[in-house]
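Q: Handing you a structure now.
The values are calculated or read from the model by the stated rules, or taken from the named source; none is laboratory data. Keep in mind it's a predicted model, so treat the numbers as computed, not measured. For neighbour counting, all protein chains shown are included, and Cβ atoms are generated from backbone atoms with ideal geometry for every residue, glycine included. Calculation scope for accessible area: heavy atoms of the full protein, side chains included, ligands and nucleic acids excluded. Shrake-Rupley method; radii C 1.70, N 1.55, O 1.52, S 1.80 Å.
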Amino acid sequence: MLNNDGQRPGTHTWNELISQGEVWQSVLSQLQASPVVETILKGSAATREWVFVGCGTSYYLAEAAAHSWTILTGMPARSIPASEILLYPQNIQAEGAGVQAVVISRSGKTSEAVRAANVLVGKLNLPTIGITCAEHSALERECHHTILLHGVDEQSTVMTRSFTSMLISLQYLAARQAGNQSFIDQLTESAKHTSLAIHKVARELETFVASHSFDDYIFLGQGAWHGIAKEGALKIMEMSCSYSQFFHTLEFRHGPKAIVSERTCIFFFLDKAGCEAESEVLVEMKALGGITVAVGKAIGAGARPHCDLIIENSAKLNDLASLASCTIPCQLLGFFTGVKKGLNPDEPKNLSRVVILD
Ligand code: F1P
């Protein structure tokens, strides 16, 4: 079936999604040669706390970036939806020196993100960095410095490679702040590994979607992976108009597991620190009849027999360097589910590429 421009449904989204490994390699090269990155690093020597801000996918990115930042630098970091800064600026508690704001926006045009940057700079007098994939943006005009990623932006409404590229960019910045060249090397390795592995993962997800039908989707993650769980849930909603939710993995036992059935798809992001406790939840949910997907590197022998699908990251990489790649199976699940339902991921229902408010 072809859509009105003679292309298969989701062509733009597919091409952007499947290009992530190559694009990440280009992004890391851009960052290594970026004068803006050097200026930011020089200017943040006295920074004691980082605040990451965004909307939608970019807010979930902010959450994953904040966790990554604390793990890599040891500094406090938090994520805030842009709307909270607009509605409750007094709650940001950012008085005093040493707080650095980072506003994340693929388009650089989202009204709430641009307005939040204006409040951070003007009202709260905070040094504010932007990161975006679009040139000459309103966000860039509001921020003191802006990291602009070339060759990343999408034609599609749904964010895929822009999410993962801006995430690894912020992880790169954190690693540079911490003088952790080994982690930067791991990011480069993750990009190369993803280029080689992404088509195999795509085939596995296509087969999985073709052989199952679900009423609802659950994404479970702890720590930095909770932001990935939120993004996974959003991809399914955006690309396939399916009902999905996210929880901290261990929180799922405290009531929400009531919905688990044979028609519930449950994604578990298993990281080294939490895998033992998270795997116990996986075994329990399988026993309740749920269909379980394990994503990560720490899928232990105890969990494996209870997984309906396992997507394993490269054994050579540490967990955090694989954080972005954990998003890809969710993007693929949303894409193939949307196409299976006769939808066109390039034209998601009800959505606009950028939310512009009057
Ligand atoms: C943020 C956003 C996306 C969403 C849709 C509308 O965009 O809310 O998360 O998927 O594309 O815009 P941006 O501020 O990152 O451009």
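Q: Which residue, of Gly43, Gly54, Gly21, is small (Gly, Ala, Ser), more than 16 Å from the ligand (Cβ to nearest atom) and under 29 Å from Glu238 (Cβ atoms)? Let's see the steps before the verdict.
A: Details: Gly43 fails: under 29 Å from Glu238 (Cβ atoms); Gly54 fails: more than 16 Å from the ligand (Cβ to nearest atom).
Gly21 is the lone residue from the list that is small (Gly, Ala, Ser), more than 16 Å from the ligand (Cβ to nearest atom) and under 29 Å from Glu238 (Cβ atoms).
Q: Further question on the same structure: Any residue that is within 18 Å of the chain's Cα centre (by Cα), under 16 Å from Gly296 (Cβ atoms) and open to solvent by 10 Å² or more (accessible area, probe 1.4 Å) - is there at least one of those in the range 204-219?
A: No, the range 204-219 has no match at all.
Q: Collect the residues in the range 80-90 that are open to solvent by 30 Å² or more (accessible area, probe 1.4 Å) and closer than 25 Å to Gln222 by Cα, keeping them in residue-number order. It would help to see each step written out before you state the result.
A: Filtering the range 80-90 for residues open to solvent by 30 Å² or more (accessible area, probe 1.4 Å) gives 81, 83-84, 86-88, 90.
Of everything in the range 80-90, those that are open to solvent by 30 Å² or more (accessible area, probe 1.4 Å) and closer than 25 Å to Gln222 by Cα turn out to be Pro81, Ser83, Glu84.
Q: Could you tell me whether the range 255-265 includes any residue that is open to solvent by 30 Å² or more (accessible area, probe 1.4 Å), among the aliphatic types (A, V, I, L, M) and within 19 Å of Ala224 (Cβ to Cβ)?
A: no
Q: If you check Leu149 against the conditions, is it more than 14 Å from the ligand (Cβ to nearest atom) and within 22 Å of Gly227 (Cβ to Cβ)?
A: Details: more than 14 Å from the ligand (Cβ to nearest atom): no; within 22 Å of Gly227 (Cβ to Cβ): yes.
It is false that Leu149 is more than 14 Å from the ligand (Cβ to nearest atom) and within 22 Å of Gly227 (Cβ to Cβ).
Q: Right, another one. Of all residues in the range 40-59, which are among the small types (Gly, Ala, Ser) and assigned to a strand (DSSP E or B)?
A: Gly54
Q: Also, I was wondering about something else. Which condition number does Gln100 fail, the rest of (1) out of contact with any His (no Cβ under 8 Å at 6 or more places or on another chain); (2) within 19 Å of Glu38 (Cα to Cα); (3) within 15 Å of the ligand (Cβ to nearest atom) being met?
A: Gln100 satisfies every listed condition except (3).
Q: Evaluate the following for Pro35: is it open to solvent by 30 Å² or more (accessible area, probe 1.4 Å) and within 16 Å of the ligand (Cβ to nearest atom)? Can you show your working first?
A: On the way: open to solvent by 30 Å² or more (accessible area, probe 1.4 Å): yes; within 16 Å of the ligand (Cβ to nearest atom): no.
Answer is no for this residue.
Q: Which of the residues spanning the range 14-58 are among the small types (Gly, Ala, Ser) and at pLDDT below 95?
A: Scanning the range 14-58 gives Gly43, Ser44, Ala45, Ala46.
Q: Working carefully through the options Leu270, Leu282, find the one that is in contact (Cβ under 8 Å) with a residue 24 or more places away in the chain, crowded, with 24+ Cβ neighbours inside 10 Å and touching a His at 6+ places or on another chain (Cβ under 8 Å).
A: Going through Leu270, Leu282 in turn, just one is in contact (Cβ under 8 Å) with a residue 24 or more places away in the chain, crowded, with 24+ Cβ neighbours inside 10 Å and touching a His at 6+ places or on another chain (Cβ under 8 Å): Leu282.
Q: Let me ask you something else. Is it the case that the range 314-325 has a residue that's assigned by TED's automatic domain parsing to the domain that holds Gly221 and assigned to a strand (DSSP E or B)?
A: no
Q: Consider Leu187 carefully, then state whether it is of a type outside the set (Val, Ile, Thr) and touching a strand residue (DSSP E or B) at 6+ places or on another chain (Cβ under 8 Å).
A: Judged against the criteria, Leu187 is not a match.
Q: Any residue in the range 331-347 that's closer than 12 Å to Ser156 by Cβ: show its pairings with residues that are part of a helix (DSSP H, G or I) and aromatic (Phe, Trp, Tyr) at Cβ separation under 9 Å, as long as the two are six or more apart or on different chains.
A: Hits for this filter: Gln331/Phe163; Phe335/Trp14; Pro345/Trp14; Pro345/Phe335; Asp346/Trp14.
Q: Here is a further query. Please indicate, with yes or no, whether at least one residue in the range 60-72 is among the aromatic types (Phe, Trp, Tyr), at negative phi and either in a helix (DSSP H, G or I) or within 14 Å of the ligand (Cβ to nearest atom) (or both).
A: There is at least one residue in the range 60-72 that is among the aromatic types (Phe, Trp, Tyr), at negative phi and either in a helix (DSSP H, G or I) or within 14 Å of the ligand (Cβ to nearest atom) (or both).
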